[in-house]
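The structure appears below as structure tokens.
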Ligand code: SER
């Protein structure tokens, strides 16, 4: 399947959707690993001017295939981490746009990967599963009947990836990511966002109104585990990758009530009330616990953060940050 991973990493890396929840952390990790000038960050909007000297940043709408090709040629790109996409809850607000960005964006990236012989990472999601999928220990290969446009675009994308890998030899690799918990950037319109929002509200207000019921149990992962998984998957020998659609990947599964209880160990005064909205039905259609034994066997996946470690680390990093933001607001 084309060049080896080592040869590719000599070339430049392009990250689409670099200002999103995963992109913000992945760009930092890639620059640390491969060198700051080797990683070109891109997103739809201009970067706000911070006064600091910025590393390469380009405006790119992934639906613009010519714009994408221009960047690939200008920077001699060898690998694309294609993160640009619209998440599940936001996608229900504009399903047409969700299809356009998620499906046509990926199509443009895969076409370019075929032509320029690029390696590609693309995130799929637990949203490819649906109500008829087994909820516990969801197997790698099982029923996929997504109920959201987001899930439909991710399932379509998985079929694209598998097709481009087998039909054209494109080295595309993918993970079915669960809800990702992180502190650098707020999440942008997912059903699992409650598991991040709750930390901001716990620190700022001491209370949170959760949009899913307390017993709602979903697969989740801490950002540093997600970054580790992406980097390790991309570095694995091509022969080790037996799944070219997308790998099941898991770390922890917990209910909203268990998350609240863990936060209360640090902030005993914290209270949570529950007011489910349309996102409840989306959450109910997704699995609770994922079987990721294929990823563990093929390329050695192991997660590090369990629920207590995630909560402790989130509070440690967010408390000073949210405290500062609150002070700024109070002064206004
Ligand atoms: N975190 C995503 C979402 O909630 C799932 O892939 O949309």
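Each reported figure results from applying straightforward, stated rules to the coordinates on display, with no laboratory input. Given the structure is predicted, the values throughout are model-derived calculations rather than measurements. All Cβ positions, even for glycine, are placed from backbone atoms using ideal geometry, and neighbour counts span all protein chains on display.
Just a few scattered comments:
- Evaluated at q = 0.14, 0.19, 0.20 Å⁻¹: base-10 log I(q)/I(0), Debye formula over Cα of region 63-158: -0.57, -0.89, -0.94
- Computed [θ] at 222 nm, deg cm²/dmol, the chain (DSSP H ≥ 4; -39,500 (n - 2.57); rounded to nearest 500): -13500 deg cm²/dmol
- Considering only the chain, percent of DSSP beta bridges that pair antiparallel, nearest 5: 10
- Legend: calculated FRET efficiency, residue 316 to residue 213, from the Cβ-Cβ distance at R0 = 30 Å, rounded to 0.05, equals 0.55.
- Estimated FRET transfer efficiency (residue 28, residue 143; beta-carbon r; R0 30 Å; 0.05): 0.20
- Averaging 1/r across all pairs of distinct Cα atoms in the chain and inverting the result yields a Kirkwood radius of 20.4 Å.
- Calculated on C-alpha atoms, the gyration radius of region 222-332 divided by its Kirkwood radius gives an Rg/Rh of 1.07.
- Of the residues 301, 122, 99, 286, the one with the fewest other Cβ atoms within 10 Å heads the list, and the complete ranking is 99, 301, 122, 286.
- Spin-label model, residue 297 to residue 61: label points 7 Å out along the Cα-to-beta-carbon direction sit 4.5 nm apart.
- Extension gain from residue 96 to residue 162, taking 0.36 nm per residue of separation minus the Cα-Cα distance: 21.4 nm
- Converting the Cα gyration tensor eigenvalues of region 156-215 into ellipsoid dimensions via √(5λ) gives semi-axes, longest first, of 37, 12, 7 Å.
- Angle in degrees between helix 194-204 and the longest Cα principal axis of the chain, rounded to the nearest 10: 50
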